[in-house]
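Each value in this text was obtained by applying a stated rule to the coordinates, not by laboratory testing. A quick note: this is a predicted structure, and the numbers were derived from the prediction, not measured. FYI the Cβ positions are ideal-geometry reconstructions off the backbone, even for glycines, and counts take in every protein chain you see.
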Amino acid sequence: MTFDSSFSPLEPSVRRRFNCRCGKPVFFRNSLCIACGTALGFDPVRGDILSLAPGAEEGTWIEDGAAGPSPEVYRRCANFDTAASCNWLLPQSPEHVARDVSGTPLQQRTLCIACALNRQIPDLSNAVHAAQWGKIEMAKRRLVSALLAMGLPVDSRLDQDPQRGVAFDFMSDLNGQPRVLTGHADGLVTLNIEEADDVKREKARAAMHEPYRTLLGHLRHEIGHYYWDRLVAGSDWLEDYRSLFGDERADYAAALQTHYAQGPAPDWPLHYVSAYASTHPWEDWAETWAHYLHMVDTFDTAMSFGLSMEESDIEYEPFTADMLYRPEAADAPAFLEFLNSWTRLSGVLNEISRSMGTPDFYPFVLPIEVVRKLQFVHLLVQSARVVARQPGTPLDTASESVTPPPPPSASPDASAQPVPETTGG
Ligand SMILES: [Zn+2]
Ligand SMILES: [Zn+2]
Ligand SMILES: [Zn+2]
């Protein structure tokens, strides 16, 4: 199966349906087919779960049944046998091995493209912390696989790109030390691993009146701050960003303080996707970005499994072109169809949740202002795909990308990000 390189919100660009060589369904997190015992691994280049057979050399693998004289050789991520249970593979061929900014292949890498982003992980001799880290890595792999599928740059700040790359610190509170604050600063995403404790996370969610709080949500939000630095700051997109999200030069610390002291303005649902988004243009960006990733991944999952909304008996007043930020964009009709299909899908899923007695699957409403912001994120992602395409990155075939009105530019990272925050997601 080939990886779909023509990203469109209406096509499964983040494929989530996989089959073992025996034909049985297998899932993104699997490293073994329970039906036939075949070893499985995720190839981040192809975005596919592969059925594996042992390679010629100890510790190597090839795709089971791979044809041709020199099939791709893989190694498993060194985090396979850890609490992370990482099922990702490292392709060994020169054209697929990870490279640093100078183009030098990182032959000695033992961690997959997702795990190679980790700067700090918890002390794994603590079983509770190890288990929490395992949950975080599972969420992170889902995040990273979507970023790769969308063609966004995913470079480790540690061994690939010290200037523009990204890295993660997963840390626990230590006695006598300041509390670990979840946030992003200068390409470093920090997550307090306590967020993987269901009781504590749910308590925090209720205390902050959030409708939704998950590990994946945190990671999507924080990586949004990173991509703002990388793709928006100092770029030709900045002006339009400010017209949609507001001026990010507003005092961030003061804005947070006001938010926590007074709460959000009562009319926030007319302008923002969440109450937290109303604190500051940076948070609005990160929340909207996270939301775009929620929608694309979930929608693509539904599409992967053939769930079509065309037949569904649920009708909403559809979003129309006049509600968009750039109605003239080439794929604006497709984007609208995506939004309208999403509304129907999430409406059905909410009702299914209620039938099951669980919280709503999608506890959000999209006002028109958020629709505009989502299309801005969408067009930026489309343009970043082009910028990101280089040898060795997952999408190296030409795809037809939109050319949005603001010309895309590979901006150097401009501003530093603000102080870490205590919430997000
Ligand atoms: Zn099987
Ligand atoms: Zn890994
Ligand atoms: Zn944030």
> For residues in the stretch 23-53 being in contact (Cβ under 8 Å) with a residue 24 or more places away in the chain and within 9 Å of ligand 1 (Cβ to nearest atom), which is surrounded by the fewest Cβ atoms within 10 Å (Cβ to Cβ)?
Replying inline: T38
> Hey, does the stretch 314-330 have a residue that's under 22 Å from the mean Cα position of the chain (by Cα) and either touching a residue at least 24 places away in the same chain (Cβ under 8 Å) or closer than 22 Å to R372 by Cβ (or both)?
Replying inline: no
>> So, in the stretch 171-230, how many residues would count as being closer than 20 Å to D155 by Cα and of a type in the set (G, A, S)?
In response: 4
> Looking at D322, D251, D313, which one is under 30 Å from A185 (Cβ atoms) and of a type in the set (D, E)?
Replying inline: D251
> How many residues are more than 10 Å from ligand 3 (Cβ to nearest atom) and closer than 21 Å to G134 by Cβ if we restrict to the stretch 215-231?
Replying inline: 6
>> Given (1) within 13 Å of ligand 3 (Cβ to nearest atom); (2) within 15 Å of the chain's Cα centre (by Cα); (3) not aliphatic (A, V, I, L, M), identify the lone condition not met by W282.
In response: (2)
>> With the requirement that a residue be outside any loop (DSSP other than H, G, I, E, B), more than 10 Å from ligand 2 (Cβ to nearest atom) and touching a Gly at 6+ places or on another chain (Cβ under 9 Å), what does the stretch 99-138 give you?
In response: R99, P105
> What about W289, is it over 26 Å from R17 (Cβ atoms), within 23 Å of the chain's Cα centre (by Cα) and among the hydrophobic types (A, V, I, L, M, F, W, C)?
Replying inline: no
